[in-house]
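Contents: one structure, followed by commentary.
The values are calculated or read from the model by the stated rules, or taken from the named source; none is laboratory data. It should be emphasised that the depicted structure is a prediction, and the values quoted were computed from it without experimental measurement. As a convention, Cβ positions derive from the backbone with ideal geometry for all residues, glycine included, and neighbour counts pool all protein chains shown.
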Amino acid sequence: MSDDRDIQLEAEKQGVFLTTMQRFYNWGRRSSVWPLSFGLACCAIEMMATGLARFDLARFGAEMFRASPRQADLMIVAGTVTKKMAPQVVRLYNQMPEPRYVISMGACATSGGPFRDGYNVLRGIDLLIPVDVYIPGCPPRPEALLHALMTLQKQIDAQRLNRVRWYGKREAKEYPVPAFGKHGLEIDGKLVDPVGGLPLISPYTSPTQGEMRSGMIEHPELVRYFPIMDETVELESPQKAKGVAPEIVHNDLKRPVVEVDHARDEQR
Amino acid sequence: MPGMSSAELKGRLADDLPGVLMPTRTRMQMSNGNEASAGDGKAARPKRGEHAPVDLLATDDAVVYPERIPDVARYVRDVLGYELLSNITAVDYLADGVIEMVYHFFHLDGGPALVVKTRVPRDNPVVPSLTDEWPGANLQEREAFDLFGVVFPGHPNLTRICMWDEFEGWPMRKDFPKQGDKYFSDSEE
């Protein structure tokens with residue numbers, strides 16, 4: 001059945017348009033991703049530049065920055081999420097209708113960035129809501145945001161109708177809004193981010209990936225500091241540790257594998 | 001354009017408001033432009049590659065007693081004409097056990113700022129509020145209270161402004177026991 005796609009493309013050249021329901025749905029959804037008009041810090045300036053004429057987000061059908069979460073499909077978390085802002089971010093995400101996607105733009109939104117060890121910055125928005133695409137950079141160039149959007153479009157292309165949650169009968173998942181505690185943000189009386197070491201594993205994954213991470217530290221026996229901070233790690237030089245970091249050994253980095261295989265999708 | 005040096009301000013304060021100035025160590029001037037100071041300072045100047053020990057609390061600015069800060073502020077406004085209280089902030093000198101409040105006054109005709117400082121002990125930082133005369137001091141004093149724990153008697157609404165109300169501790173103090181979300185006291189349990 002793998003040549004289905006070739007037959008389709010060949011027929012389209014002859015003016016006959018054949019498609020699967022799934023391909024049609026995904027095509028429609030990926031071609032009109034409307035972001036929420038929502039910026040938190042300097043990354044928002046780059047996001048605005050991306051939306052304007054020079055970089056022109058409209059080429060991807062995503063130029064409609066909506067002022068209401070009810071009309072938006074995509075939340076671009078552009079900038080530093082302070083702990084005081086985090087509940088509002090989660091509340092905005094909860095108000096978006098499904099299907100909804102999140103791009104974590106820049107070092108701050110992804111991990112807290114340079115403010116990670118501060119007292120007031122959330123150490124990554126993925127501690128509170130699921131993230132589809134992460135963008136490194138401080139701030140990322142507009143090209144990086146365009147690439148993230150294209151990556152998101154590839155992920156949308158890979159969605160299967162029978163697996164994504166929002167075509168089922170279940171209601172949209174409400175993510176818990178954190179409350180202010182005396183030491184930091186709390187959910188159900190427990191600190192969102194109680195661990196001092198690095199890095200953290202997000203408790204959430206994007207809904208299309210079909211799995212739910214535990215949010216627990218996966219290898220508690222390993223010392224979870226950067227080698228440079230850990231006294232037990234032997235240093236080759238002041239800047240370089242001997243051996244390989246434990247995260248890499250155990251393939252523990254927050255990098256879900258995204259495979260886009262059209263032929264296999266349509267086979268199912 | 002009005003411009004008043006800190007030495008001039010100290011002279012005026014000593015004349016008109018006796019007993020207001022705190023005794024302070026002055027910073028030794030090593031400027032090359034001034035001939036007299038260059039001649040004097042040559043003997044005391046450290047050799048190349050050496051640093052003189054840093055005296056953090058040494059300052060040339062006018063340092064006044066904290067309970068007299070409203071008098072000084074009124075004097076600076078009414079007599080000297082520096083009407084705009086532009087900035088209030090706090091500095092934590094952990095090793096010396098001192099929190100220093102810094103007030104910047106500006107003249108509406110222009111010119112540089114007039115700096116008035118006051119020092120309070122870290123364990124009991126109490127400075128009278130200036131909100132009666134300068135309503136604009138409201139937010140800045142709340143910020144100093146929020147981040148440094150300085151208490152301002154007479155302030156109408158002394159609550160946290162940057163952090164949330166439930167937060168514990170004074171995060172901009174140098175001994176704030178926290179890195180990330182981990183409090184140092186937590187690991188010692």
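Annotation: of all residues in region A:176-197 being crowded, with 16+ Cβ neighbours inside 10 Å and away from every other protein chain (no Cβ under 12 Å), the one that is modelled with the lowest pLDDT is A:ILE187. Residues of region B:158-189 that are modelled with pLDDT of 90 or more and either away from chain A (no Cβ under 14 Å) or outside any loop (DSSP other than H, G, I, E, B) (or both): B:LEU158 alone.
Quick check on my filter: what residues within region A:85-134 are among the charged types (D, E, K, R), over 17 Å from A:SER68 (Cβ atoms) and either part of a helix (DSSP H, G or I) or touching a His at 6+ places or on another chain (Cβ under 7 Å) (or both)?
Narrowing region A:85-134 to residues among the charged types (D, E, K, R): A:91, A:98, A:100, A:116-117, A:123, A:126, A:132.
From what is left, the residues that are over 17 Å from A:SER68 (Cβ atoms) are A:116-117, A:123, A:126, A:132.
Listed by number, the list holds a single entry, A:ASP126.
For beta carbons closer than 9 Å, sequence separation of 6+ or different chains, a first residue in region A:8-23 that is closer than 14 Å to A:ASP157 by Cβ and surrounded by 10 or more Cβ atoms within 10 Å (Cβ to Cβ) and a second that is hydroxyl-bearing (Ser, Thr, Tyr) and at pLDDT 75 or above, there are no qualifying pairs.
When we screen A:LEU52, A:LEU36 for residues that are within 16 Å of A:GLU143 (Cα to Cα) and either without any contact (Cβ under 8 Å) to a residue 40 or more places away in the chain or of a type outside the set (Ser, Thr, Tyr) (or both), the only hit is A:LEU52.
If you go through region A:163-186 and keep only what is under 22 Å from the mean Cα position of the chain (by Cα) and in contact (Cβ under 8 Å) with a residue 60 or more places away in the chain, you end up with A:VAL164, A:ARG165, A:TRP166, A:ALA172, A:GLU174, A:TYR175, A:PRO176, A:VAL177, A:PRO178, A:LEU185. Out of region A:115-140, which residues are in contact with a helix residue (DSSP H, G or I) (Cβ under 7 Å, 6 or more places away or on another chain) and more than 27 Å from A:LYS173 (Cβ to Cβ)? A:PHE115, A:PRO136, A:GLY137, A:CYS138, A:PRO139, A:PRO140 - these are the residues of region A:115-140 that are in contact with a helix residue (DSSP H, G or I) (Cβ under 7 Å, 6 or more places away or on another chain) and more than 27 Å from A:LYS173 (Cβ to Cβ). Filtering region A:151-175 to residues that are in a loop (DSSP other than H, G, I, E, B) and more than 18 Å from A:GLY28 (Cβ to Cβ) leaves A:GLY168, A:LYS169, A:ARG170, A:GLU171, A:ALA172, A:LYS173, A:GLU174, A:TYR175. Taking the criterion of being modelled with pLDDT of 75 or more, more than 19 Å from the chain's Cα centre (by Cα) and either polar (S, T, N, Q) or over 30 Å from B:GLY97 (Cβ atoms) (or both), the residues of region B:13-58 that qualify are B:ASP15, B:ASP16. Taken across region B:78-92, residues that are more than 23 Å from B:PRO2 (Cβ to Cβ) and at pLDDT below 75 do not occur at all. Entry remark, region A:148-174: residues being buried (at least 16 other Cβ atoms within 10 Å of the Cβ) and either hydroxyl-bearing (Ser, Thr, Tyr) or within 14 Å of chain B (Cβ to nearest Cβ) (or both) number 1 in total.
Taking the numbered list (1) touching a strand residue (DSSP E or B) at 6+ places or on another chain (Cβ under 8 Å); (2) crowded, with 22+ Cβ neighbours inside 10 Å in turn, A:THR50 passes all entries but (1).
Wholly within region A:1-67, which helices (runs of 4 or more DSSP H) include no fewer than the required count, namely at least 2 residues that are out of contact with any Pro (no Cβ under 6 Å at 6 or more places or on another chain) and modelled with pLDDT under 90?
Working: elements: A:4-13, A:21-30, A:43-51.
Qualifying helices (runs of 4 or more DSSP H): A:4-13, A:21-30.
Checking each residue in region A:68-84 for being in contact (Cβ under 8 Å) with a residue 40 or more places away in the chain and not in a loop (DSSP other than H, G, I, E, B) picks out A:LEU74, A:MET75, A:ILE76, A:VAL77, A:ALA78, A:THR82. Taking into account only those residues within region A:98-147 that are more than 14 Å from chain B (Cβ to nearest Cβ) and polar (S, T, N, Q), which is surrounded by the most Cβ atoms within 10 Å (Cβ to Cβ)? Checked region A:98-147; the qualifying residue surrounded by the most Cβ atoms within 10 Å (Cβ to Cβ) is A:SER104.
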